[in-house]
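Would you mind keeping the following structure in view while I ask a few things?
The values are calculated or read from the model by the stated rules, or taken from the named source; none is laboratory data. All values derive from a computational prediction rather than experimental measurement. Backbone-built Cβ (ideal geometry, glycine too); neighbour counts: all protein chains shown. Just so you know, the surface numbers come from the protein's heavy atoms only, side chains and all, with ligands and any DNA or RNA stripped out. Shrake-Rupley method; radii C 1.70, N 1.55, O 1.52, S 1.80 Å.
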Amino acid sequence: VGSALGLALGTVLGRGLVRLVTRTINDLYFVVSVQELPPDPWIWVRGGALGVLATLVAAAPALRAAVGQPPRMVVLRSGAEGTAGRWLVRGATLGAASVMVGVGVLLGSGPSVAASFAALFLIILGMALLTPLATAALGDALGPLLRRAGGLVGAMAARGIRSAMSRTAPAAAALVVAVSVTVGLGVMIQSFRGSLERWLDATLQADLYLSLPSTVRSRPVGTLPPQVLDRVRHHPAVAGVHAYRGVEVGSPEGPVRLLAVAPAGQVPRGVDLLQGEPGALERLAEEDAVLVSEPLAFRRGLAVGERVELLTDRGPRAFEIAGVFRDYASDRGTILMHRRVYNAYWNDAGVTSLALDLAGGEDPDVVARELQAAAAAEGVTVAIRPNRVLREGSLQVFDRTFQVTVVLRMLAFIVAFIGVVGALMALQLERTREVAVLRATGFTPAQIWGLVTAQTGLLGLICGLLALPVGLVLAVVMIRVVNRRSFGWTLTMEVGGDVLLQAVGLAVVAALLAGIVPARRMARTPPALALRNE
């Protein structure tokens, strides 16, 4: 039944994710339209088989206990808890081994993205196996504090976590993994956005950016007509013009994007240099030198001082690399060249886009409308975006790109929440007589509420605290390894306190919500009925 529902919900989810991914492709690469999502029967077959197989595997330990032990031992929880207690150290040992294997795979797998994800899986699995022992240890450490704060009820809540590890351990592991995913993705997105903002501030130096509109590409394409260039250069509000020519050129390793810059001065500006001498930009104007973007340098193993060969109109030519610059606009890589050098080796006088500096006091929006009208008078439609609009649009594209991760984080949390609810409900059914004895010896329904709430809240707090280091490890791997190997970019890691506080709060709230139904049933069940186990 669960697999059937999962197939139906997965199909609906797949359609929604296709729309999000399609929008990302449109924003970053080229326009694509997906009219329908034809179902693949084999996906359903594999998904259904996986669901049933996972259910059988999960039921195997209980089935083994049910048929392999005397009935009374199966009914008693002491045997199960004793086994769970013995497995705390074994599981932690396996978890530590899994983490070490994952780290070894990361260090020895070279640039492989698939190996990065495999290593990440091993690290998360190892952290999940370490969670039960860490949960028990933290519960014991917090026990004295809870006793002083909540008296007998607080002490019982702390001891209850260790005494029911067969139920709380899987729930804690699920909650830690889900919340750590939230922390890891949150830190990664925050770091990526912060790095992008700083790059935009360093790169977008002009007041206006002009190019031909494109319905199929996200980057400027085409050639601006000479009459439009003349109109722009002679506009009284324009104080400086920086011309760019973006083309695809050949190389022995395949086509590469080349950006030829004709700055208003001799030295190109708006270049966020990562590697190279202080005079690297001056060398572009004086020598046959180029800059390569960080993704291109990573993918082709290029370094400052080496040469990159390009197929020019004058034949193959090797250009010395004067520096490596940061570029989040393309994961394929870009070569930056001075227009003087480009004109010397290519028979191409075209201009793809312009960056315009305005005279002091001029309103960019007003000038943009005037330039568009001037271009329209020549029968040409141009796209002109002020610095502010381009910056805000870039950040909006970034936010839309990562909406997919919001859905995935929500799914992970929902799955963990259901796991916690299921574990606490099962624990409640098994503790019916225990709670009945407490009620018979004087515990009030309010105290039962307090006991269950304290125990679930403590479990959530412990899981939230454990999720922080796990999530930070996840963020480091994704930022330093997975992102680097996938796109060739380096990001500055930023850990915001709001992300960490939200993670702990999320874990506590999830555990408290999961404990509402068990607490209500425990408090409302009559002691006599519970003692008869009816």
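Would you list the membrane-span-like helices of the chain, meaning whole DSSP H runs whose alpha-carbon atoms span at least 15 Å along their axis and whose mean Kyte-Doolittle value is at least -1.0?
Answer set is 2-28, 41-68, 77-108, 113-163, 165-203, 364-377, 387-401, 403-430, 445-477, 497-514.
Considering the convex hull of the alpha carbon atoms of the range 127-270, report its projected area averaged over all viewing directions, in nm², one decimal.
Projected area, direction-averaged: 18.2 nm².
In Å and whole numbers, how far do the C-alpha atoms of the chain stretch along each principal axis, longest first?
Projected onto the principal axes, the Cα atoms of the chain cover 94, 51, 48 Å.
Let me ask something else about it. Within the range 454-534, what whole-number % of the accessible surface is contributed by carbon and sulfur, with the 1.4 Å probe and all protein chains included in the calculation?
Looking at the range 454-534 in its full context, I get 68 percent from C and S.
Taking each pair of different alpha-carbon atoms in the range 300-404 once, compute 1/r for the pair, average those values, and report the inverse of that mean as the Kirkwood hydrodynamic radius in Å to one decimal.
17.8 Å
Would you mind computing the Rg to Rh ratio of the range 432-506 from its alpha-carbon coordinates, Kirkwood style for Rh?
A ratio of 1.33.
What share of the DSSP beta bridges in the range 249-394 is antiparallel, in percent to the nearest 5?
60 percent
Now for a separate question. Can you give the extra length, in nm with one decimal, that the chain gains between VAL101 and THR381 once fully stretched, where that is 0.36 nm per residue apart less the Cα-Cα distance?
95.0 nm
Here is a further query. Rolling a 1.4 angstrom probe over the protein heavy atoms, how many square angstrom per residue are accessible across the range 453-534?
Counting only protein heavy atoms, the per-residue value for the range 453-534 is 43 Å².
Among 297-310, 130-143, what's the highest-first ranking by average C-beta atoms within 10 angstrom per residue?
Highest to lowest by the protection proxy: 130-143, 297-310.
Using a simple charge model, +1 on the beta-carbon of Lys and Arg, -1 on the beta-carbon of Asp and Glu, nothing else, what dipole does the chain show about its Cα centre, in debye to the nearest 20?
That gives a dipole near 2900 debye.
Moving to a separate point now. Can you order the peptides 258-266, 244-252 by their average number of other Cβ atoms within 10 Å per residue, highest first?
Sorting 258-266, 244-252 by mean packing, highest first, produces 258-266, 244-252.
Largest first, please: the extent of the C-alpha atoms of the range 376-495 along each principal axis, to the nearest Å.
Here the Cα extents, ordered largest to smallest, are 92, 35, 21 Å.
Sort 311-318, 348-355, 371-378 by packing, meaning the average of other beta carbons within 10 Å per residue, with the highest value first.
348-355, 371-378, 311-318
Picking from ILE418, GLY333, LEU371, whose Cα lies most toward the positive end of the charge dipole for the range 304-425 (charges on Cβ: Lys, Arg +1; Asp, Glu -1)?
In the range 304-425, that residue is ILE418.
Expressed as a whole percent, how much of the Cα-Cα distance distribution for the range 242-386 exceeds 28 Å?
Above the 28 Å cut-off, the range 242-386 has 25 percent of its Cα pairs.
Restricting to DSSP loop positions (anything but H, G, I, E, B) with no more than 15 other Cβ atoms inside 10 Å of their own Cβ, which trypsin sites (Lys or Arg not before Pro) remain in the range 489-529?
none
Compute the projected area of the convex hull of the Cα atoms of the range 254-339, averaged over all viewing directions, and report it in nm² to one decimal place.
It is 5.4 nm².
Determine the dipole magnitude for the range 289-432: charges of +1 sit on the beta-carbon of Lys and Arg, -1 on that of Asp and Glu, nothing else is charged, the reference point is the Cα centre, and the result goes in debye to the nearest 20.
480 debye
What would the Debye formula give as log10 I(q)/I(0) at q = 0.16, 0.27, 0.35, 0.36 Å⁻¹ for the alpha-carbon point model of the range 340-379, no solvent?
For the range 340-379, the Cα-only Debye profile gives -0.63, -0.95, -1.18, -1.18.
What Kirkwood radius, in Å to one decimal, follows from the Cα pairs of the range 405-452?
12.7 Å
Output the direction-averaged projected area (hull surface divided by four) of the convex hull of the alpha-carbon atoms of the range 199-266, in nm².
Result: 6.6 nm².
Of PHE319, GLY102, PRO386, whose Cα points farthest to the positive end of the dipole of the chain (charges on the beta-carbon: +1 Lys, Arg; -1 Asp, Glu; origin at the Cα centre)?
GLY102
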